[in-house]
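The next block holds one structure in the form of structure tokens; read it before the comments.
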Amino acid sequence: MMFKHNFKKVLSATAFAVALVVAPAANVLAATNDASSTQQSATATSQDQQASQDQAASQSSAANQSSATAASASSSTSTSSATSTSTVKKTTKKAKKTTKKSKKKTSKKKTSKKKAVKKVAKKTTKKKATKKAKKTSKKATKKTTKAATVAVTASADQSHATDQQDDAAKKAAEVAAKKAAAAKKAAAKKAAAKKKAAAKKKAAAKKKAAAKKKAAAKKKAAAKKKAAAKKKAAKKSSEKAAKYWIAMRESGGYYTARNGSCYGRYQLLISYLGGDLSKKNQERTADRYVYGRYGSWVNAKRFWLAHNWY
């Protein structure tokens with residue numbers, strides 16, 4: 001029982017100390033005031049119990065005296081009448097009842113006294129626990145304040161270091177961005193120069209190809225022209241040869257040769273010449289006649305070969 005009571009004391013003191021550590025200072029003072037008022041009420045209660053015990057003791061002594069008187073009365077009147085015996089019995093019963101009541105009151109007073117003592121001891125323990133809790137709370141507050149100061153200092157240092165890191169990272173990012181922009185600009189410039197050079201090369205190649213094509217076309221035209229000229233020359237030569245051949249067959253080549261109504265180198269009708277017997281008019285009239293009728297002197301020669309005339 002004593003162990004259980006001590007355990008309760010320790011448990012309540014521990015709980016009270018924990019409450020003091022967690023609760024603010026105002027609650028601690030309030031708890032201290034409550035403990036002192038409780039102690040005063042416990043003291044007053046113990047005084048009341050002491051008075052009650054004294055009263056119960058006096059009643060008990062009175063009961064004992066009445067019991068002794070009843071015993072002496074019963075011994076002296078043992079031979080008396082039945083009426084005095086019944087009176088003694090009643091008196092004895094009353095004394096017993098009074099004794100029982102006094103005993104009950106005494107036990108109640110003892111119990112209350114014990115309870116009061118326990119309460120006082122509990123309040124004393126609480127008071128000690130309160131003092132101890134105050135000290136613990138002060139120490140914890142100091143430790144907490146110190147830890148908070150250290151934490152704030154560490155946080156400030158960490159924040160400063162973080163700011164420095166952020167500044168360094170920002171500067172590094174700016175430098176990297178500048179480098180990247182410069183590299184991008186250089187790459188774009190290089191790509192533009194390369195593109196320009198490629199375009200220039202392509203234009204030069206295109207120009208060269210065009211010049212080559214033009215030269216080829218010119219060469220082809222020249223060759224064609226030359227061929228045409230050659231053909232024309234050959235035609236002219238063949239035409240001249242055919243014309244000469246016919247002239248030699250018709251008049252032996254004389255411009256004054258005459259055969260009936262035909263006259264001149266190509267033996268044309270005199271009416272064709274229109275009265276102009278000159279060499280120039282004979283040549284012009286002969287050409288007009290042959291090209292108008294045969295298309296060429298070569299065709300006229302072919303016709304002459306077939307028919308002996310043209």
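A few points about this structure:
- Residue count for region 283-297, restricted to those that are open to solvent by less than 40 Å² (accessible area, probe 1.4 Å) and assigned to a helix (DSSP H, G or I): 4.
- Breaking point among (1) closer than 30 Å to TRP297 by Cα; (2) open to solvent by 90 Å² or more (accessible area, probe 1.4 Å), for ALA222: (2)
- Members of region 261-282 that are out of contact with any Ser or Thr (no Cβ under 7 Å at 6 or more places or on another chain) and open to solvent by 30 Å² or more (accessible area, probe 1.4 Å): SER261, CYS262, TYR263, SER271, GLY274, GLY275, ASP276, LEU277, SER278, LYS279, LYS280
- Count of residues meeting criterion [within 26 Å of LYS232 (Cβ to Cβ), in a helix (DSSP H, G or I) and in contact (Cβ under 8 Å) with a residue 12 or more places away in the chain] in region 258-280: 1
- In region 281-310, the residues that are touching a residue at least 60 places away in the same chain (Cβ under 8 Å) reach residues that are among the small types (Gly, Ala, Ser) and surrounded by 14 or more Cβ atoms within 10 Å (Cβ to Cβ) with C-beta atoms within less than 6 angstrom, at least six apart or across chains, in these pairs: VAL298/SER238; VAL298/ALA242; TYR310/ALA300.
- None of VAL150, VAL175 is among the hydrophobic types (A, V, I, L, M, F, W, C), open to solvent by 80 Å² or more (accessible area, probe 1.4 Å), part of a helix (DSSP H, G or I) and without any contact (Cβ under 8 Å) to a residue 24 or more places away in the chain except VAL150.
- Conditions (1) under 30 Å from LYS301 (Cα atoms); (2) exposed (fewer than 11 other Cβ atoms within 10 Å of the Cβ): number failed by ALA188: (1)
- THR141 in a helix (DSSP H, G or I), polar (S, T, N, Q), open to solvent by 60 Å² or more (accessible area, probe 1.4 Å) and at pLDDT below 75: yes
- Region 298-310, residues that are in a loop (DSSP other than H, G, I, E, B), at negative phi and open to solvent by 70 Å² or more (accessible area, probe 1.4 Å): TRP309
The values are calculated or read from the model by the stated rules, or taken from the named source; none is laboratory data. Please read these numbers as outputs of a predicted model, since none were measured by experiment. Every residue, glycine among them, receives a Cβ derived from its backbone with ideal geometry; neighbour counts consider all protein chains shown. Ligands, DNA and RNA are stripped out before the accessible areas are found, and what is left, the full protein with its side chains, is counted by its heavy atoms. Shrake-Rupley method; radii C 1.70, N 1.55, O 1.52, S 1.80 Å.
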